[in-house]
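Input: a single structure, listed below in structure tokens.
The values are calculated or read from the model by the stated rules, or taken from the named source; none is laboratory data. If you're wondering where the values come from, they're calculated on a predicted model, not measured in any experiment. Every residue, glycine as well, gets a Cβ built from its backbone with ideal geometry; the counts of neighbours run over all protein chains shown. Surface accessibility is based on the protein's heavy atoms, side chains included, excluding ligands, DNA and RNA. Shrake-Rupley method; radii C 1.70, N 1.55, O 1.52, S 1.80 Å.
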Amino acid sequence: MLNEAIILCGGLGTRLKTVNPTLPKVLVAVAGKPFLHYVINYLRQQGIQHFVFATGYGHTDVEGYIKKYHTDLPVQFSTETTALGTGGAIKQALTKTINEDVLVANGDTFFKADIKKLAAFHNEQQSVCTIATTTIHHSSRYGLLQLNEQGKVMGFEEKNTESSGGNINAGMYLVNRDIFSGLPLPAAFSFEKDYLELYVHTQQIIAQVQDAYFIDIGIPADLDKAQKDFHTKI
């Protein structure tokens, strides 16, 4: 049973400095609550019971928020002392998990995925890493995933301002802890570039497309959209 999650909370939020000069990106207020509040609550509704928060920039703010407002939550913190990148942060946080398969979610992205459905697909395909994906019509902000009919990731397309859309990485993964941790990866690396793109042809990396609400608050325009959406959709 999938019940553990790592939430990546170490982003600098550089593109949000004009609206949020000091707080970590995951704590930006959306519809009156920190964005992280919605991520945690949704994952709890989906059966996640134990959380590891991978923190870096602003880690004291994130830890303080969790300890004050989520007192009933079984948590651990995995804090970067030097910048590890998304891959290094995940690899370090996995040392604090128990189960073989662990959910990983970006703390600045909200994807209303069916986690049980994702886990079932992950197990059926005997996947090392399963990417939760969604389809968007205009993907200039995101690279695209190339998938075969079985959901096997065949490759990645770079961001393209002329793209008409397709399947994108929704910032949520199911990772086999032991296989991933056993790879000869450096302490600091990008999960997307140095793991997914490099190992896509040698490991069972698959994707499941789900038609569900998705928002990434990485730029002011999408943060504004989230402010409106979360009053009605979440």
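The set of residues in the stretch 166-191 that are surrounded by 18 or more Cβ atoms within 10 Å (Cβ to Cβ) and either of a type in the set (Phe, Trp, Tyr) or in a helix (DSSP H, G or I) (or both) comprises Tyr173, Arg177, Phe180, Phe189, Phe191. Within the stretch 39-66, being more than 15 Å from Asp108 (Cα to Cα) and in a loop (DSSP other than H, G, I, E, B) holds for Gln46, Gly47, Ile48, Gln49. Scanning the stretch 140-165 for residues being modelled with pLDDT of 90 or more and open to solvent by less than 70 Å² (accessible area, probe 1.4 Å) gives a total of 9.
Considering only residues that are closer than 26 Å to Ala83 by Cα and either more than 16 Å from the chain's Cα centre (by Cα) or crowded, with 16+ Cβ neighbours inside 10 Å (or both), which ones fall in the stretch 193-204?
Asp194, Tyr195, Leu196, Glu197, Leu198, Tyr199, Val200
The set of residues from the stretch 6-38 being buried (at least 18 other Cβ atoms within 10 Å of the Cβ), outside any loop (DSSP other than H, G, I, E, B) and either out of contact with any Leu (no Cβ under 8 Å at 6 or more places or on another chain) or modelled with pLDDT under 85 (or both) comprises Leu8, Leu16, His37, Tyr38.
The residues of the stretch 68-117 that are of a type in the set (Gly, Ala, Ser) and either open to solvent by 30 Å² or more (accessible area, probe 1.4 Å) or under 15 Å from Thr55 (Cβ atoms) (or both), listed by number, are Ser78, Ala83, Gly85, Gly88, Ala89, Ala93, Ala105, Gly107.
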